[in-house]
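To start, the structure under review is shown below, and the notes come after it.
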Amino acid sequence: MNVELAPAIQRYVKASNQHDMESILACFSDDALIHDEGETLQGKKAIESWIVKTIEKYKFQFKPLGVKDEEPEVVVAIEVSGTFRASPVTLDYHFKIGNDRIDSLAID
């Protein structure tokens, strides 16, 4: 299935699959907000730590399965595989985009 994603989300998925920390970080606005695994993080420094930790912990790969535009956010169903027990799982990634950067990302 070929899923059409907004450019910022497309860059995020590609950089994530390459485990390219600098390119992932560049997808986010300076004061972006992330909610993942019960934790809320804000700002590039916190996001950088989150990226490093999740790459090391899960060695993940993303496969977008579908997208819903639910203003003001875009929800992308992503199959996530990696080095964790339930792999692969499908998670909803809730993106808010501004100025071609990710302003917030909530993963559930």
### Message
Looking only at residues that are within 12 Å of the chain's Cα centre (by Cα) and part of a strand (DSSP E or B) in the range 33-48, which one is farthest from S87 (Cα to Cα)?
### Response
L33
### Query
What number of residues within the range 44-58 satisfy the criterion of being surrounded by 13 or more Cβ atoms within 10 Å (Cβ to Cβ) and in contact with a Phe, Trp or Tyr (Cβ under 9 Å, 6 or more places away or on another chain)?
4
### Message
I'm checking my understanding of the structure. Among residues of the range 14-33 that are over 23 Å from E79 (Cβ atoms) and of a type in the set (G, A, S), which one is surrounded by the most Cβ atoms within 10 Å (Cβ to Cβ)?
### Response
A32
### The listed residue being in contact with a Phe, Trp or Tyr (Cβ under 9 Å, 6 or more places away or on another chain) and touching a residue at least 40 places away in the same chain (Cβ under 8 Å), out of V80, V3, V67, V74
V74
#### Entry: Filtered residues of the range 83-108 (kept if in contact with a Lys or Arg (Cβ under 6 Å, 6 or more places away or on another chain) and assigned to a loop (DSSP other than H, G, I, E, B))
T83
## Note on the structure
Looking across the range 49-82 at residues that are at pLDDT 95 or above, over 13 Å from the mean Cα position of the chain (by Cα) and part of a loop (DSSP other than H, G, I, E, B), the single one that is nearest to C27 (Cα to Cα) is K59
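The values are calculated or read from the model by the stated rules, or taken from the named source; none is laboratory data. The model shown is predicted, which means the values in this text are computed figures rather than measured ones. Positions of Cβ are generated from backbone atoms using ideal geometry, with glycine treated the same way; all protein chains shown enter the neighbour counts.
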